[in-house]
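Everything on this sheet refers to the single structure shown next.
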Amino acid sequence: MNDLLFYIISALGWTLPRFFYKELTHYLSSFDIIIIIHLAFHIIIVSFIFYIWIFKNKTKTTFISKIKHLPTKLKYYIFLIVIFGITAQFTHISLLKYYDVSKVTPIVRGVSTLFILFFGYFIFKETITLKKVLGIITILLGIYLVN
């Protein structure tokens, strides 16, 4: 697997839609954008689910079994992911209505990286190295310069 290609595709997938959201804010509210984006997303996902349901019985059975045996704590995590995701999407689109993508997105991603380090260390017991600390200092400097 070519990790670099996956990183580039992932980065483009997170970057380009921000500009599309910005354009949509000229015509729709943040709430309207979330509804239409999720509607389009769910049309695609439901089509995929129907395909699996009809043609991939083993995949369907395996998936259902995995969900049944998923620990309750992780089922709550799924709910929280949805709540945090919708809230973050709404606030991000709201910010894009008034500010440039090139200002909002780096600040959000920089602060997100700080949160990841904080929660990773204090809640999920991940290690912090000197290299990570230097990276965080660089991010803070970048947020200051962008702002």
Taking into account only those residues within the stretch 117-128 that are of a type in the set (A, V, I, L, M) and surrounded by fewer than 14 Cβ atoms within 10 Å (Cβ to Cβ), which is nearest to HIS92 (Cα to Cα)? ILE123
ILE52, sole failed condition from (1) surrounded by 11 or more Cβ atoms within 10 Å (Cβ to Cβ); (2) within 30 Å of SER94 (Cα to Cα); (3) not charged (D, E, K, R): (2)
Return the only residue of LYS131, LYS60, LYS73 being part of a helix (DSSP H, G or I), assigned by TED's automatic domain parsing to the domain that holds ASP32 and exposed (fewer than 10 other Cβ atoms within 10 Å of the Cβ). LYS73
Can you tell which of PHE50, PHE118, PHE41 is within 22 Å of ALA11 (Cβ to Cβ), part of a helix (DSSP H, G or I) and either touching a strand residue (DSSP E or B) at 6+ places or on another chain (Cβ under 7 Å) or without any contact (Cβ under 8 Å) to a residue 12 or more places away in the chain (or both)? PHE41
Tell me yes or no: at least one residue of the stretch 39-54 is under 19 Å from the mean Cα position of the chain (by Cα) and closer than 28 Å to VAL146 by Cβ. no
Selected residue (criterion: modelled with the highest pLDDT) from residues of the stretch 88-143 that are out of contact with any helix residue (DSSP H, G or I) (no Cβ under 6 Å at 6 or more places or on another chain) and polar (S, T, N, Q): THR91
Can you confirm whether the stretch 1-9 contains a residue that is touching a residue at least 12 places away in the same chain (Cβ under 8 Å), over 14 Å from the mean Cα position of the chain (by Cα) and either surrounded by 12 or more Cβ atoms within 10 Å (Cβ to Cβ) or outside any helix (DSSP H, G or I) (or both)? no
Looking at the stretch 10-37, which of the residues that are in a helix (DSSP H, G or I) and among the polar types (S, T, N, Q) is surrounded by the most Cβ atoms within 10 Å (Cβ to Cβ)? SER30
Could you go through the stretch 87-96 and let me know if any residue there is assigned to a loop (DSSP other than H, G, I, E, B), without any contact (Cβ under 8 Å) to a residue 12 or more places away in the chain and of a type in the set (S, T, N, Q). no
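The values are calculated or read from the model by the stated rules, or taken from the named source; none is laboratory data. Because the structure is predicted, anything quoted here is derived from the model rather than measured. Neighbour counts run over all protein chains shown; Cβ positions are idealised from the backbone, glycine included.
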